[in-house]
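What follows is a single structure, written as structure tokens, with notes after it.
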Amino acid sequence: MKKLLYTFLIFASGMLLAQKSNTVKFAVYNDAIGTVKMFDNHKGDIEKFNVYKTKANLPSHLKKFEYLADNGLVEVKLKKNAGNPDTISLELLNSQGNVPKNSPVFVEGYKIEGPETRIYSEIIDNVEVIDFNGQKCLSISTIQK
């Protein structure tokens with residue numbers, strides 16, 4: 001009976017950690033994933049924000065990010081002389097977290113796959129190792145302040 005209860009509690013906590021946030025809005029710049037909130041720190045460097053409210057409205061070059069567009073998706077264009085925020089690949093992030101390099105990473109409950117996928121390191125607030133269907137994965141909460 002205890003094993004069943006522990007199994008249920010572990011499963012329930014994993015499901016809670018993997019819930020998609022309905023408050024985070026993702027942004028893409030230079031083929032890397034960030035949040036709209038992150039780009040508040042770069043307001044003076046922004047040339048243009050293209051806001052896509054639905055997955056159906058995404059242009060072809062952003063279709064690969066449609067899994068992040070539940071709350072819409074923003075494409076950011078920075079001015080020419082603006083610096084690029086630091087990015088990190090999921091592969092490197094996973095290796096730093098001591099999980100298999102090809103494991104998916106959950107950002108605010110959104111499953112991001114592909115070891116070559118890059119995210120902006122600026123969005124990372126907290127990183128935890130979770131169990132997702134028997135596989136160790138990283139779960140990232142973003143800075144939402």
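The values are calculated or read from the model by the stated rules, or taken from the named source; none is laboratory data. Everything quoted here is computed from the prediction, not taken from an experiment. Glycine also receives a Cβ, built like all others from the backbone with ideal geometry; neighbour counts cover every protein chain displayed. Ligands, DNA and RNA are excluded from the accessible area calculation, which covers all protein heavy atoms including side chains. Shrake-Rupley method; radii C 1.70, N 1.55, O 1.52, S 1.80 Å.
For the reader, a short list of remarks on this structure follows.
- Accessible surface, segment 52-127, averaged per residue in Å² (probe 1.4 Å): 52 Å²
- Segment 42-145 - percent of accessible surface contributed by carbon and sulfur, probe 1.4 Å: 46 percent
- The solvent-accessible area of residue 35, taken with every protein chain present and a 1.4 Å probe, is close to 10 Å².
- Taken over segment 47-140, the ratio of Cα radius of gyration to 2.2 N^0.38 Å equals 1.18.
- Positive-end ranking of 85, 71, 102 along the dipole of segment 54-118, with charges on Cβ about the Cα centre, is headed by 85.
- With every protein chain in place and a 1.4 angstrom probe, the accessible-area ranking of 139, 60, largest first, reads 60, 139.
- Separation of the alpha carbons by more than 22 angstrom is noted, of 55/80; 25/80; 25/77; 79/101; 43/64, for 55/80; 25/80; 79/101; 43/64.
- In nm, spacing of pseudo-spin labels at residue 79 and residue 129 (7 Å Cα→C-beta vector): 4.4 nm
- Residue-level accessible surface for residue 106, protein heavy atoms, 1.4 Å, Å²: 10 Å²
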